[in-house]
Amino acid sequence: MTTPVCTSASEAATSAGLSFPNATYPSFTSYVRARQPVLLRTARSLTANPSDAEDLLQTALTKTYVAWERIEDHRALDGYVRRALLNTRTSQWRKRKVDEFACDELPEPEPVAGQDADPAEQQALHDAMWRAIMRLPARQRAMVVLRYYEDLSEVQTAEVLGVSVGTVKSAVSRALGKLREDPELTLVR
């Protein structure tokens, strides 16, 4: 359960050494006790974090407390506090640090380690690799695809194809040797 917000503002002000003429407002205390859950829901709708919502409501109620004597129509207090919530949130939003800046030219993305910077070159390498794999005998092609594209272990590949683990090892070794000697792929290295 949430404790009432700002119910003892006058006590806090006097304990801090601040003195206000007629600083005790029992009507403010009763207003906060009665309307705090509704106002807190409004504050939560303005923020993404419940703690931030409580801080926002505290700030808005402090502003309301300071202006309590100037508020003529106490029947419109909800509207006053909601406006204070909205104005406070807008001020917080405007003051936030902005990490992005507008610029005339967009910077090029940094190349990721292990990848070429040009997507066209990546696609050309991908296509050349598939053409080279398609030139392998069907059995070797199946083993390479299962081992390296489907990421199966040697044991799992052997089970899928119904062969021994040694057969998978030797066939994959021969297939990788053929891929290393493929003329289309030697140009890439």
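The values are calculated or read from the model by the stated rules, or taken from the named source; none is laboratory data. In this text the structure is predicted, and so the values were computed from the model without any measurement. No Cβ is skipped: glycine too gets one built from the backbone with ideal geometry, and neighbour counts run over all protein chains shown.
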Q: Taking only the stretch 60-80 into account, find how many residues are under 16 Å from Y25 (Cα atoms) and within 33 Å of the chain's Cα centre (by Cα).
A: 3
Q) Does A13 count as among the aliphatic types (A, V, I, L, M) and modelled with pLDDT of 90 or more? A) no
Q: For the stretch 148-189, name all the residues that are β-branched (V, I, T) and touching a residue at least 40 places away in the same chain (Cβ under 8 Å).
A: V188
